[in-house]
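Structure first, then comments.
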Amino acid sequence: MKIAQLLQTLEAQLARLQVRIAPLAQHATLTPRFDRQLFHTRSTTLQACLNEAQKNFSELQRAVEQQQLPQVAWLAEQLAAQIEAISRESEAWTLRAWDSASPAQTRWQRKRLQTQEFERRLLEMKQTREQQLAQATTFDEQQRLGREIIAFDARLARCRQALQDIENVLARLTR
């Protein structure tokens, strides 16, 4: 019974983490985010780390079904550490220091970080308006919120294009 509760708790934590990191899940960094013993992925995106944690959760479920207790204990401990690390990284995202690089790279990396933070805030504002729209009762309010959501979509598109342009510049600088 305890193992079933543990699995439910871990699954719920992974689901909450997926929602929380969504705005910055694909944002890469120059250096690895975590120790190689914690995450084996070479990717520096949070999504890749979360995918690895979800894979470990699947392995944990299989190990529980096959009653491989030493493997269950190790996987549960590893998964808890991975969830904790992703959670901490998502909370400290804006404080993350970039690698020391050339002044041009540093300037573009700072610009990328600012644009990614702007994208995250835009997504939050859009989600808030969508929730308000779902609860809106008057036609005028629904129209106003619908226009705001369309405006946020346009801003997000421009923001994502700017991020792509910045990524292209950084790719050229690091060749």
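Between Ala162, Ala92, Ala80, the Gaussian network model of the chain with springs among Cα atoms under 10 angstrom shows the greatest mean-square fluctuation at Ala92. Within the same chain, aspartates and glutamates fewer than 8 places from Lys55 are excluded, and of the rest, those with a Cα less than 15 Å from its Cα are Glu11, Glu77. For the chain, hydrophobic long helices are taken as DSSP H runs at least 18 Å long by C-alpha position along their axis with mean Kyte-Doolittle hydropathy of -1.0 or more; these are 2-21, 46-65, 69-91, 139-173.
Across Leu163, Leu133, Leu60, mean-square fluctuation computed from a Gaussian network of the chain (C-alpha pairs under 10 Å connected) peaks at Leu133. In the frame of its principal axes, region 2-95 has Cα extents of 40, 24, 16 Å, reported largest first.
Taking one quarter of the surface of the C-alpha convex hull of the chain gives a mean projected area of 13.0 nm².
Simple point charges give the picture: +1 on the Cβ of Lys and Arg, -1 on the Cβ of Asp and Glu, and for region 70-175 a dipole about the Cα centre of about 620 debye.
All of the numbers you see were taken from the coordinates with simple rules; none came from a lab. As the structure is a computational prediction, the values presented were derived from the model and not from experiment. Cβ coordinates were reconstructed from backbone atoms using ideal geometry, including for glycine residues, and neighbour counts include every protein chain displayed.
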